[in-house]
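To start, the structure under review is shown below, and the notes come after it.
The numbers here are math on the coordinates, done by the rules we state, and not lab data. What you are looking at is a predicted structure, and each value in this text was computed from that prediction instead of being measured. With ideal geometry, Cβ positions are generated from the backbone for all residues, glycine too; neighbour counts draw on all protein chains shown.
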Amino acid sequence: MFTFLLSRLLSVLIVLFGVSTLVFLLIHIVPGDPIQAMLGENATATDQTALRIALGLDQPLWQQWGHYLTNMLQGHLGYSLYSKEPVLDLLLNRIPATALLAGAGLAVAVALAIPLGSLAAVRRDTVWDYGAMTFAMLGVSIPNFLMGPLLILCFSLWLGWLPVSGSDSATALILPAITLGTALAAILSRMVRSTLLDVLHEDYIRTAYAKGLNPRQVIWRHALRNAALPIITILGLQLGTLLAGAVITEMVFSWPGLGQLTIEAIKRRDYPVVQGCVLLISFTYVVVNAGTDLVYAWLDPRVHYHD
Amino acid sequence: MIKLIAWRIGFAGCVLLLWFGLAISAPWLPLQPTEIHLSAILQPPSWQSILGYDDLGRLLLDRLIMGATTSFFVAIAVIVVSLSLGTFIGLVSAWLGGWVDLIVVRIIDIFLAFPGLLLAIALAGLLGPGIENVVIALSVVGWVGFARLARAQTLSLKRREHVLAAQAMGASSGRILLRHVLPLLTTPLLIEATFGIASIVIAEAGLSFLGLGVQPPAASWGSMIRDGTSYLLVAPHMVLAPGLALLLVVLAVNMLGDQLRDRLDVRQV
């Protein structure tokens, strides 16, 4: 187990190193001179040189890379070109909103997927199954930026139940969470269905039924618990899609999170902030995935790792 | 059950044929996607104009067809680039093994560590708007999945008897990969590519929705939806028409992928 932990940690560190390098290189793929793009056409040569030196862009690439990595390790992500604030502060300000949205989206997904997937598996090849799987098909196919406006049209504009956008009240979270959670709910309910179908054939399920437990208990206590592993794996793997989806969902609902910050920074050509956002979201994703692996090993004593 | 499947294939086929047909024939259709009718701004669908007009008084149907062209050609271009690049990298990496393979696996891991759409958003944003940059950004993200699949499949095929036999007969590596390995990869790659098209269509529309994709006056379903969100209450058709088109195409492609996967019985390695 210890060697397993160590090898996981090592490969996570290698991936994080690679991710930071790629994010560092992002700014250098900008066609033309990034300084010119940042300052616009009318900037004087003095201003350009000043910014170039301030950002360290006058140094050789490998030196900039070294500075970037050492600064990052010390928590310095540079300063916003727009507001002059430290990038780290900007990110920290936005984290709670995105975490809340992602958590709520995840909750919506799980709350929808487990009953739907179970229903589809238990009533296999019935109307319930087809209904649930049609929902899943629609859910995978409808993008956030369509789902969001449709929900706004229905529940905010026509029915007037919920606010159109913003994050002032608790009710403002409902529509963004549903928008973000639907796609994951769809993928997850398929997964719940197929793993439950596998589990339902097992001997212990037959035993549970045979000793007279009611079906609800059999599903909750015996079947779903054994189907939990693949479901948790899928949740970990899909978190990246969820976080990327949050970028678009935040734009639809003017939700003041990391996604909105990312897009605003892209439009303002505020490169340090763009780098910071991409770095933070990717790091979160990598760490959660590694965490999923550990949870997996912890939940299932049969899983042994030999590395 | 059989009926349901037949119905699904029929539906998917019709939608995809329509998408393909409109995208290909758009240049020869009498369309006026940029023509402005000031007296018809935001007009809802009617007998004279099937889908109504948008906020600038342009015919929505014509713009919808232009959007079909955009999404179709972006999808094809990205699939062609990322499928061939990914397959090549995966094949060669698995075949050569050793340090080449180690490096390729690390690179794949790093790319997979980014949420795909996020990397595409950042790339498209930094490269600047425009259809070519959308294709570049989505290809940079897209090749990874194909490379991983091709690599995994090649690793297991490498030790198959027919490959060993070909090696024993003195066939060159290139010939073995092309004639004895690649043909066995086509099915899983085809299925991956089908689902890939669905996510590319969504991603292209997503980038355009964020204003990072196709620029006006060119049309994309994503930018049409974005324009429509400002007029949701007065002109819901501006969101509903491109939204429904997008949903139908993605749904059809996903259904096709599901059917292919079920029928071709891919044994995952």
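Using DSSP loop states and a limit of at most 16 other Cβ atoms within 10 Å to flag chymotrypsin sites (Phe, Trp or Tyr not before Pro), what is the longest stretch of chain A containing no flagged site? Please report the intermediate quantities before stating the final value.
Numbers: sites that count: A:Tyr82, A:Trp161, A:Tyr305.
Longest gap between qualifying sites, sites excluded: A:162-304.
Straight Cα distances below 17 angstrom link A:Lys84 to the aspartates and glutamates A:Asp47, A:Glu264, A:Asp270, with same-chain residues fewer than 8 positions distant left out.
Note on chain A: GNM, Cα springs under 10 Å; of A:Val127, A:Val274, A:Val87, the largest mean-square fluctuation is that of A:Val127.
Checking every one of the trypsin sites (Lys or Arg not before Pro) in segment A:37-114 against DSSP loop status and a limit of 12 other Cβ atoms within 10 Å picks out A:Lys84.
Taking the average, over residues, of other Cβ atoms within 10 Å as the packing measure, peptides B:119-125, B:59-65 rank B:119-125, B:59-65 from highest down. Inter-chain Cβ neighbour count for B:126-132, averaged per residue, equals 3 (cutoff 10 Å, partner chain atoms only).
Compute the Cα gyration tensor for chain A, then decide on rounded, prolate or oblate, letting a ≥ b ≥ c be the square roots of its eigenvalues: rounded whenever a/c is under 1.5, prolate when a/b is larger than b/c in the other cases, and oblate in all that remain. Spell out each step's value before the answer.
Numbers: a/c = 3.26, a/b = 1.65, b/c = 1.97.
Oblate, because a/c is 1.5 or more while a/b does not exceed b/c.
Can you give me the Cα centroid spacing of segment B:38-62 and segment B:111-146 in angstrom? Cα centroid to Cα centroid, the span is 34 Å. Helix-only arithmetic for chain B: the sum of -39500 (n - 2.57) across DSSP H runs with n ≥ 4, divided by the residue total, places the mean residue ellipticity at 222 nm at -24500 deg cm²/dmol. Projecting the Cα atoms of A:Ile234, A:Ile95, A:Gly245 onto the charge dipole of segment A:90-299 (Cβ charges, centred on the Cα centre) puts A:Ile234 farthest toward the positive pole.
Evaluated with a Cβ-only charge set (Lys, Arg +1; Asp, Glu -1), the protein assembly as shown carries a dipole of roughly 1660 debye about its Cα centre, given to the nearest 20.
Summing Cβ point charges (Lys, Arg +1; Asp, Glu -1) relative to the Cα centre of segment A:90-299 gives a dipole of roughly 280 debye. Averaged over peptide B:106-114, the number of partner chain Cβ atoms lying within 10 Å of each residue's Cβ comes to 6.
Counting only other chain Cβ atoms within 10 Å of each residue's Cβ, the peptide A:228-240 averages 1. A simple packing score, the average count of other Cβ atoms within 10 Å per residue, orders the peptides B:126-135, B:197-206, B:166-175 as B:197-206, B:126-135, B:166-175, with the highest score first. Considering only B:Ile131, B:Leu31, B:Leu260, and ranking their Cα positions along the charge dipole of the protein assembly as shown that arises from unit charges at the beta-carbon of Lys, Arg, Asp and Glu, the one farthest toward the positive end is B:Leu260.
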